[in-house]
Structure formats: structure tokens, C-alpha cells
Amino acid sequence: MASNKHIVLIMGGPSSGKSTSLMNLKNQDRFAYLNTDLKALPFADKFKVNVEVPDAQQVLGFINEIEESEDIDGAVLDTITFLMSMYHRQYVSGAVDGLAAWGAYGNFYRNFIHAIKAGSKDYAIMAHEEVVHNEQTMMMESRVPIQGAVGKIGVEADFTTILSTKQLPIGRLEGIENNLLHITDEEKEDGFKYVFCTRVTKDTVGQKMRSAIGLWDRSELYIDNDLEQVFTRLRDYYSNSATTVDALSAVG
């Protein structure tokens, strides 16, 4: 069974546009929203399911239900940072057998990652971003702040597609033209725009953007922070890749 390619990790700091990237999901009414941050969205949503997760372990059951449902096309987890913090608070902190509790913590994370990779739905995993100084490279680096061995290895290692949310001044976007970047009159008036950054550049060394080769054109360094555009690109890219593999297999 091939692993699910329609998964994206969205990293960003506070007020950088993570939640607003969900607004334009075309089939929002066919998506589940799993809220571990326990805060309201900044817009009136139409999600098929909108759950404030009270117990971290319930997330695995939610993923199973999402996979089995014919009425749900995908899900958003907001955020994996708070999910793991919730698990730590509920099941690790104060545990009598700390070693066993940390082992279960790691297993829970691995089971979650396996569940979405073995699934068939679209998944957007939101994550808080922390910028820290790497004493070995002497550079500032971004990471998803998660406790334990999971955090040391790095959540980012489990994702093929990683985007970073940014709030940029309009002047920073001058000269950047692509079909996925649209600057509205309101954004020009406000003087800034929320965007996704798709890859690492000389100005973003140490950050964790990542994608399959050819998923984004080089002109698509910055695109609208619109998750619908991202899922559309993932479907198109991997659909074409699968067609190529099938053709090569037939020739072989």
C-alpha cells in the first residue's frame, strides 16, 4: 500500500496566518477540524466536524472515524504542538513510571503519524514554530517545539511537504509573480499580506520548508496562504507522478 502523499505540515509563529489559510478550503463542509489549541477560529467556519479535543488519545480514534467516513475528504489538526503538550500533561507529567510514560508518549506520536500516512484523506497538520540558536552550526534554526525524544529527532523529519506561514510587507513581494500569488486591494491598503513560503533561500536559511522536487516552480517562492491551492497542487503533482510510474511499470 502506497503512503498518503496528500499531507502538509504548516509551520508558523503566532499571528502568521496559520488559521486564516483554512478560510478558502473549497469543500470546507467535507473537512474535520481537530482543535487541540482550544481557541476559536478567526472566521465563521463550515467544517463538517469541529471538535475541541479534550483528551489527546482520542485523536487516534478521530482519525480512524475520518478514514471510514464517506462524507469527509480530509482533516486539519490545529496544532500538533498542543496535541503533544496535552498528551504530556495528561499522561506523562506526574506518572508513577516515568520511563514507561515517555515510551507511551513516543508510541502515541508514531501511531498518529502512521495513521495519517496510511490513510487516504487530505491532512493539514498545523504546528507552532520556534526559532532557536544551533550551537553546532552557529545559526538560527526553526523547529516545532515538542518535548522528549520526538522533539530531538524533529517532527519535520516525518513530512515531505512543509510550508511556512509569514506576514510580509507588500513591498517584499514586488517583482514576484506566479499564478498562486494574488495581492488584493485591501492587502495593498493594509501594507502586508499573509503568505506561504515554499522553500529555503539565502534569506531563510535554517528554516524547514521542504517539498518534492518540482512540486513548486522557482517563481512560486511565496504563494497565497490558501490551503485549497496547496491540496490542489499536491493532488495534481502526485496524480501525474502515479501515471508516470504506472506507464513505466507497463513498459517493464
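Read-outs throughout are calculated quantities, based only on the coordinates presented, and are distinct from any laboratory measurement. No experiment lies behind these values; they were computed from the predicted model shown. When we count neighbours, we look across all protein chains shown, and the Cβ atoms used for this are built from the backbone with ideal geometry, even at glycine.
Counting only strands (runs of 3 or more DSSP E) that sit completely within the stretch 11-88, those holding 1 or more residues that are aromatic (Phe, Trp, Tyr) and touching a Leu at 6+ places or on another chain (Cβ under 7 Å) correspond to 31-35. Taken together, the residues in the stretch 50-70 that are closer than 26 Å to THR232 by Cβ and surrounded by fewer than 17 Cβ atoms within 10 Å (Cβ to Cβ) amount to 7.
To keep it simple, each residue is scored yes or no on (1) farther than 29 Å from TYR91 by Cβ; (2) in contact with a Lys or Arg (Cβ under 9 Å, 6 or more places away or on another chain).
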{"site": "MET23", "(1), (2)": "yes, no"}
{"site": "ASP29", "(1), (2)": "yes, yes"}
{"site": "LEU38", "(1), (2)": "no, no"}
{"site": "GLN57", "(1), (2)": "no, no"}
{"site": "GLY61", "(1), (2)": "no, no"}
{"site": "GLU65", "(1), (2)": "no, no"}
{"site": "ILE72", "(1), (2)": "no, yes"}
{"site": "ALA75", "(1), (2)": "no, yes"}
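Quick one: would you say SER3 is in contact (Cβ under 8 Å) with a residue 12 or more places away in the chain and surrounded by fewer than 20 Cβ atoms within 10 Å (Cβ to Cβ)? Judged against the criteria, SER3 is a match.
Take the stretch 207-223 and flag every residue that is basic (Lys, Arg) and either assigned to a loop (DSSP other than H, G, I, E, B) or touching a Pro at 6+ places or on another chain (Cβ under 6 Å) (or both). Hit for the stretch 207-223 is LYS208, nothing else. Being part of a loop (DSSP other than H, G, I, E, B) and either within 22 Å of VAL92 (Cβ to Cβ) or among the acidic types (Asp, Glu) (or both) is the filter here; which residues of the stretch 147-163 pass it? Of everything in the stretch 147-163, those that are part of a loop (DSSP other than H, G, I, E, B) and either within 22 Å of VAL92 (Cβ to Cβ) or among the acidic types (Asp, Glu) (or both) turn out to be GLN147, GLY154.
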